[in-house]
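Note sheet for the following structure.
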Amino acid sequence: MASGYRSAGVDFDDLFDAYVEGPVAQDSGRRVGGTDLSRRYAHIQYGSKRADVGHRVNGMDVSNLWAARGSATYRLPFHGKGYSASNGAKTNSTGTVSATVSIQMYADGTYAIRSGVAGGGNGGSSTVASGQWLPAGANASEYEIQITGSSPTKASFSTSAPSFVPASNSPSAGVSISVPARSANYESDNVSISVALRRAGGNAQVSSFSASVSASGWV
């Protein structure tokens with residue numbers, strides 16, 4: 001339901017980003033269903049100011065209270081965390097030993113980070129982190145996603161979204177390392193994976209995590 005407050009014929013809901021989390025701005029004196037608009041829109045600390053809208057509180061335009069539409073940015077729960085995968089070959093195994101950490105951003109607004117191993121007599125994967133990337137009340141069709149990684153020294157990094165793609169593509173990325181099972185080799189690496197989200201016409205929010213992988217032969 002629209003707020004009912006307008007500037008130049010445009011409803012405030014199309015001028016300011018919706019509240020998602022964190023502190024709220026000071027009361028604006030304007031209410032919808034008994035609730036002040038400062039509990040409807042994101043605090044300006046999460047975004048940027050838009051042009052004045054001609055509505056004032058204590059002599060100040062309310063555009064100084066809330067983040068302009070498409071400008072608010074928030075970090076996802078995995079930001080700053082680390083995830084790992086390690087695979088050691090079993091004696092007498094052959095082939096290749098590998099370990100992988102990957103992320104997928106789903107079109108339904110959720111994400112999953114997985115840790116997996118393959119070869120050397122081992123196999124399997126598990127979800128080590130999952131959650132919601134889409135802000136409450138938002139539509140995934142309004143978002144684009146980019147997934148990039150720092151330059152690996154030993155591992156390989158792949159991504160389906162080196163540049164921004166529609167969230168409906170469910171983009172993914174991962175870092176993997178491998179060695180021959182029948183060897184004395186040991187390799188490890190650490191890659192920083194960054195996920196950038198942006199709403200159409202808005203600034204990108206970037207959340208990053210560390211992916212550590214290692215693999216060793218049995219000889």
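The values are calculated or read from the model by the stated rules, or taken from the named source; none is laboratory data. The structure displayed is predicted, hence computed values, not measured ones. Using ideal geometry, Cβ is built from the backbone for each residue, glycine included, and neighbour counts are taken over all protein chains shown. Areas reflect the complete protein model, heavy atoms only, side chains present, ligands, DNA and RNA absent. Shrake-Rupley method; radii C 1.70, N 1.55, O 1.52, S 1.80 Å.
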- prompt: If the Cβ limit is 6 Å and pairs must be 6+ apart or interchain, which residue in the stretch 191-217 that is surrounded by fewer than 21 Cβ atoms within 10 Å (Cβ to Cβ) pairs with which residue that is of a type in the set (V, I, T) and modelled with pLDDT of 85 or more?
  reply: S194/T148; S194/V206; A196/V206; S207/V195; G217/V179
- prompt: Can you pull out the residues in the stretch 28-47 that are open to solvent by 20 Å² or more (accessible area, probe 1.4 Å), under 27 Å from A204 (Cβ atoms) and of a type outside the set (V, I, T)?
  reply: R39, R40, H43, Q45, Y46, G47
field: Residue list for the stretch 1-27, filter: assigned to a loop (DSSP other than H, G, I, E, B) and surrounded by 14 or more Cβ atoms within 10 Å (Cβ to Cβ)
entry: S3, Y5, L15, D17, Y19, V20, V24, A25, Q26
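Run down S102, S63, S98 and say which single residue is of a type outside the set (D, E), touching an Asp or Glu at 6+ places or on another chain (Cβ under 6 Å) and crowded, with 19+ Cβ neighbours inside 10 Å.
Just one listed residue meets the conditions, S63.
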- prompt: In the stretch 106-126, which residues are open to solvent by less than 70 Å² (accessible area, probe 1.4 Å) and more than 14 Å from the chain's Cα centre (by Cα)?
  reply: S115, G116, V117, A118, G119, G120, G121, N122, G123, G124, S126
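Identify, please: which residue in the stretch 174-190 is assigned to a strand (DSSP E or B) and of a type in the set (D, E, K, R) and is, among those, least open to solvent (accessible area, probe 1.4 Å)? Give the derivation first.
If we filter the stretch 174-190 for residues that are assigned to a strand (DSSP E or B), which is where we start, we get 174-180, 186-190.
Narrowing further to those that are of a type in the set (D, E, K, R): 187, 189.
Working: E187: 54, D189: 21 Å².
The selected residue is D189.
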task: Determine if the stretch 127-145 includes at least one residue that is surrounded by 16 or more Cβ atoms within 10 Å (Cβ to Cβ), touching a residue at least 24 places away in the same chain (Cβ under 8 Å), among the aromatic types (F, W, Y) and closer than 16 Å to F209 by Cβ.
output: yes
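Yes or no, residue by residue, for (1) part of a strand (DSSP E or B); (2) under 21 Å from A204 (Cα atoms):
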residue	(1), (2)
N92	no, no
D108	no, yes
G123	yes, no
G131	yes, yes
